[in-house]
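The values are calculated or read from the model by the stated rules, or taken from the named source; none is laboratory data. Note that the coordinates shown come from a computational prediction; the quantities given were computed from them, not determined experimentally. Counting neighbours? That spans all protein chains shown, and the Cβs are built from the backbone with ideal geometry, glycine included.
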Amino acid sequence: MKIDIKLSGVGGQGILSIATVIGEAATEAGLQLKQAEVHGMSQRGGDVQSDLRLSTEEIFSDQISLGKADLIISMEPMEALRYLPYLHKDGVIVTSSKPFVNIPNYPDEAALQAELDALPHVAKLDIEQMAKEHRIPKSANMILLGMATRYIKILTSEQVRKAIATIFARKGEQVVNDNLKAFDLGYENI
Amino acid sequence: MLEKRLLLGDEAVALGAIHAGLSGVYAYPGTPSTEITEFIQGYPLAKERGIRSRWCTNEKTAMEAALGMSYAGKRALVCMKHVGMNVCADAFVNSAITGVNGGLIVLAADDPSMHSSQNEQDSRFYGKFAMIPIIEPSTQQEAFDMMADAFDLSEKLKLPVLMRIVTRLAHSRAAVEINEPRLQNEMNPDNDRSHWVLLPGNARRQYASLVEKQPEIEKAAELSNFNCMDLAKEKGLGVIAVGIGYNYVKEVNPQDVSILKVSQYPLPAKQIKALAEHCTEILVVEDGQPFVEEQLKGLLGADYPISGRLTGRLPRTGELNPDNVAAAFGKENKTAFQPALNLAGRPPQLCQGCGHRDVYTALNKVAAEYPDARIFGDIGCYTLGALPPFRAIDSCVDMGASITMAKGAADAGQFPSIAVIGDSTFTHSGMTGLLDAVNDKSNITVIISDNLTTAMTGGQDSAGTHKFEAICLALGVEREHLHVVVPLPKNMDEITRIIREEINYKGVSVIIPQRECMQTLNRKLRQKKQTK
């Protein structure tokens, strides 16, 4: 069993935290794992992406092949679309629906949402709004992870929850609880 | 096995070195190599053992200091991005002539596809040029394991060893099995001056001895566990899969091909000849430049069919990936969805509130009054001043080139000739150029945009922090033409006035806009909050 996940977003949105949590859960579960990250200039409000590959068998390439991603997890709708050529025909996109507009030529939002909606398997949600409503504004990325975990069949939701507790432990109990609450909100939303 | 840890390739290199008995790491930050030194700086055992790990001023000072530690008998590691090899090349090449005492590993992190670089140069050429062993891990595990082997090899051959990695290994995480750490070397300075004093008489002897060592270096590669061959039953396609290229070949999983994995150089000639005899043609899968492919002609003759990046079977530029390697085996990775229609590029930008923004706002304002003004840029976050909305700089070439190019252009008659350089880049390679300009009384205006850190690589200490005025004065910049300003919108009138005045001064002026990087400032505030 294996799963290839593309994570995407804009620098600073927290996609690497999502990757870290999944990585921790996968390691604890005894899975093989490779995770290619982007560092450097792309942190400065540019697009960022990370390839995360989990498998029960040995993994060779650090990068995901075209047409083979089982899941795209994106903190931003246009950034989800950027990696469409990597998506498997039965692959799923789990994305925040709210555009992050920091460029002058951002596409027309209605057209963008229509293009997303026309794809076969898309789960989208205004995670920022939901995080605000539940007074956990810094945990929007964990709502997204909760949604995505429904499609990461190689891991159980309990394994991912446990990983959240481990990864955020050094930031204190409040942060752990906020992130777990966010995760559950996302998980139940699908 | 001690334990299993999830590590970036860079971190595996760092931990491998610590466990191999490292006594000092010497480095200047540069993507994708930065995390090696950062890992050592934060690692408990490194602290316990007193492993020296502060950032150096540039790659040359790093290389020389590491050679000094090796001279004293201890194990040292030098890390840099590929273009750093150009900066330290003098010391690097000569370290193969002096030879080493304690083990010395030079790590170069290449950046094919130029994710954050100015070129795609392949550091393996430097290793061949210096005639030393080169190692190139395929995986994070190999990166860890190779460190101990490479330090042993370095001490056995009395030569530095070059380790070459690429971005995709440096910045990719995987589980690594960790062994027990080895003890550090004791102090044991080399007493043989004839090795170390490279007067021509000694250097000739040392060079001859380096040439004599070549068969031993080749033999080490031929016997290396990191080079291995898997011959198919049938004659057919042979593949030389180099470093990370091996992973892509295994991912594509071509059937009935013979594979020679190469992770240590000089090229293992015996295995290559055996592969060639068993096969009818050879495909070379290597990331970076066609280093192996070019050498094969010499080994196998002009008539043997060889393909790779030179023949176009793999792309000549850009990094390898599972898609272009699949295509080289005639297997297309098919896409299910066309590229999206509603898509725009999202280039990186200077952060909101960043002092460089105010510097460019001021410069653009003044430059608008001088249609002939040219602004020579440099390497750092402020290179983003080339992009909208600023579009402020006319050049960006290499570390320090802003000042020297502005000087050369001014020598040719360019006016106004303005240089913009960051604080860390200035101490890395700008100071010597400024001295040239002072000695020539060149008509240039130099802006040292000081954000008190090496920001682009993530906020490492900058060698000259709080010393820039003193440095400039000591280099001979005149007191009345040296200004420190605070780049904030409210100071715009003052800053533009000073720039205007200094452009009109016929000589070297230096303006230092000084304000802390927003990223490091915010990080400090967060840390303060957490410790409260």
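This table checks each residue for (1) within 30 Å of A:GLN129 (Cβ to Cβ); (2) not acidic (Asp, Glu).
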residue: A:LYS2; (1), (2): no, yes
residue: A:ILE18; (1), (2): yes, yes
residue: A:GLU58; (1), (2): no, no
residue: A:ALA69; (1), (2): yes, yes
residue: A:ALA80; (1), (2): yes, yes
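Any residue that is in contact with a Lys or Arg (Cβ under 9 Å, 6 or more places away or on another chain), surrounded by 15 or more Cβ atoms within 10 Å (Cβ to Cβ), within 27 Å of B:SER116 (Cα to Cα) and free of Cβ contacts under 8 Å to residues at least 24 places away in the same chain - is there at least one of those in the stretch B:316-331?
yes
With respect to B:GLN118, determine if the residue is surrounded by fewer than 23 Cβ atoms within 10 Å (Cβ to Cβ) and more than 18 Å from B:VAL25 (Cβ to Cβ).
yes
Yes/no per residue for (1) at pLDDT 95 or above; (2) out of contact with any strand residue (DSSP E or B) (no Cβ under 6 Å at 6 or more places or on another chain); (3) of a type in the set (Ser, Thr, Tyr):
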| site | (1), (2), (3) |
| --- | --- |
| B:VAL420 | yes, no, no |
| B:THR425 | yes, yes, yes |
| B:LYS441 | yes, yes, no |
| B:THR445 | yes, no, yes |
| B:MET456 | no, yes, no |
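Determine which single condition B:GLU286 fails, assuming it passes every other condition in (1) farther than 30 Å from B:MET518 by Cα; (2) away from chain A (no Cβ under 14 Å); (3) touching a strand residue (DSSP E or B) at 6+ places or on another chain (Cβ under 7 Å); (4) surrounded by fewer than 20 Cβ atoms within 10 Å (Cβ to Cβ).
(4)
Can you go through B:GLY301, B:GLY345 and tell me which one is out of contact with any Cys (no Cβ under 8 Å at 6 or more places or on another chain), more than 14 Å from every other protein chain (Cβ to nearest Cβ), surrounded by fewer than 14 Cβ atoms within 10 Å (Cβ to Cβ) and free of Cβ contacts under 8 Å to residues at least 12 places away in the same chain?
That would be B:GLY301, the only listed residue that is out of contact with any Cys (no Cβ under 8 Å at 6 or more places or on another chain), more than 14 Å from every other protein chain (Cβ to nearest Cβ), surrounded by fewer than 14 Cβ atoms within 10 Å (Cβ to Cβ) and free of Cβ contacts under 8 Å to residues at least 12 places away in the same chain.
State the number of residues belonging to the stretch B:502-532 that are loosely packed, with under 15 Cβ neighbours inside 10 Å and in a helix (DSSP H, G or I). Reasoning before the result, please.
The initial filter retains those residues of the stretch B:502-532 that are loosely packed, with under 15 Cβ neighbours inside 10 Å, namely B:504-506, B:522-532.
From what's left, in a helix (DSSP H, G or I): B:522-531.
Result for the stretch B:502-532: 10.
Among the residues of the stretch A:51-81, which ones are more than 8 Å from chain B (Cβ to nearest Cβ), among the small types (Gly, Ala, Ser) and buried (at least 22 other Cβ atoms within 10 Å of the Cβ)?
A:ALA69, A:SER74, A:ALA80
If a residue must be modelled with pLDDT under 95 and either in contact with a Cys (Cβ under 7 Å, 6 or more places away or on another chain) or not in a strand (DSSP E or B) (or both), how many such residues does the stretch A:30-75 contain?
Going through the stretch A:30-75 one residue at a time, the tally reaches 11.
How many residues does the stretch B:358-386 hold that are within 14 Å of another protein chain (Cβ to nearest Cβ) and either of a type outside the set (A, V, I, L, M, F, W, C) or free of Cβ contacts under 8 Å to residues at least 60 places away in the same chain (or both)?
The qualifying residues number 6.
Is there a residue in the stretch B:237-259 that is in contact with a Ser or Thr (Cβ under 6 Å, 6 or more places away or on another chain), touching a residue at least 40 places away in the same chain (Cβ under 8 Å) and acidic (Asp, Glu)?
Yes; the residues of the stretch B:237-259 include at least one that is in contact with a Ser or Thr (Cβ under 6 Å, 6 or more places away or on another chain), touching a residue at least 40 places away in the same chain (Cβ under 8 Å) and acidic (Asp, Glu).
Just the residues that are assigned to a loop (DSSP other than H, G, I, E, B), in contact with a Gly (Cβ under 8 Å, 6 or more places away or on another chain) and of a type in the set (S, T, N, Q), please, taken from the stretch B:145-189.
B:GLN184, B:ASN185, B:ASN188
Where residues in the stretch A:93-115 are buried (at least 23 other Cβ atoms within 10 Å of the Cβ) and either within 8 Å of chain B (Cβ to nearest Cβ) or of a type in the set (A, V, I, L, M) (or both), which of them is nearest to A:ALA19 (Cα to Cα)?
A:VAL94
Only helices (runs of 4 or more DSSP H) wholly contained in the stretch B:255-330 count here; list those with 1 or more residues that are acidic (Asp, Glu) and at positive phi. If you could, list the steps in order and put the result at the bottom.
Numbers: elements: B:269-278, B:291-300, B:322-328.
Passing ranges: none, list empty.
Given the criterion of a type outside the set (Ser, Thr, Tyr) and touching a Leu at 6+ places or on another chain (Cβ under 6 Å), identify the matching residue among B:LEU320, B:LEU341, B:LEU384.
B:LEU384
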